[in-house]
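See below for the structure under consideration.
The values are calculated or read from the model by the stated rules, or taken from the named source; none is laboratory data. Since we're looking at a predicted model, the values are computed, not measured. Glycine also receives a Cβ, built like all others from the backbone with ideal geometry; neighbour counts cover every protein chain displayed.
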Amino acid sequence: MEKILERYERYSYAERQLVASESDPQGNWSMDYNRLKAKVELLQRNHRHYMGEELNSLSLKELQNLEQQLDTALKLIRSKKNQLLYESISELQGKEKTIQEQNTMLAKQIKEREKTVAQQQSQWGQQDHGLNSSSFLLPQPPPCLNIGGAYQEEATEMRRNELDLTLEPIYSCHMGCFAA
């Protein structure tokens, strides 16, 4: 029904345009006003129907058409929503992959540092045993890194990495000079 009225208005408007082109511009404005007013009313009525209002005046065929339009609109909305969700998921998976790579790299760095510390401990232990085995030399303590008494503050700062993980030194109290 609405389509028929709209088509009728278009044809009558086109016909009036031909006739009115020769008349004054005030007549064109009144036709434009009437046409636009009818179009606004039609859009408002359609909006009310889409919102579920004033459905009593619709026939069965118009109700089915309205239902089909709503179903089509819902399918488009759902497909757009799913597309956005999939894009978001793939973006998050990419971030997860980069974070895992960074984690693996940090774990390797930690293991390498642990190896170097273990090697240093074994070297110090060998030096310590070599000095103790000679009876005529007095045992000397291993070197200490106590610069200006600020070791404890610097040590706590140096023990933390970017992930704020506390790394306790392997060389602890048995060497005396590193005791906190």
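Please identify the pairs in which a residue from region 73-92 that is under 19 Å from Met51 (Cα atoms) has its Cβ atom under 9 Å from the Cβ atom of a residue that is part of a helix (DSSP H, G or I) and modelled with pLDDT under 95, counting only partners at least 6 apart or on another chain.
Ala73/Tyr50
Quick one: which residue in Leu92, Leu63, Leu106, Leu85 is surrounded by 10 or more Cβ atoms within 10 Å (Cβ to Cβ) and modelled with pLDDT under 95?
Numbers: Leu92 fails: modelled with pLDDT under 95; Leu106 fails: modelled with pLDDT under 95; Leu85 fails: modelled with pLDDT under 95.
Being surrounded by 10 or more Cβ atoms within 10 Å (Cβ to Cβ) and modelled with pLDDT under 95 holds for just one of Leu92, Leu63, Leu106, Leu85, which is Leu63.
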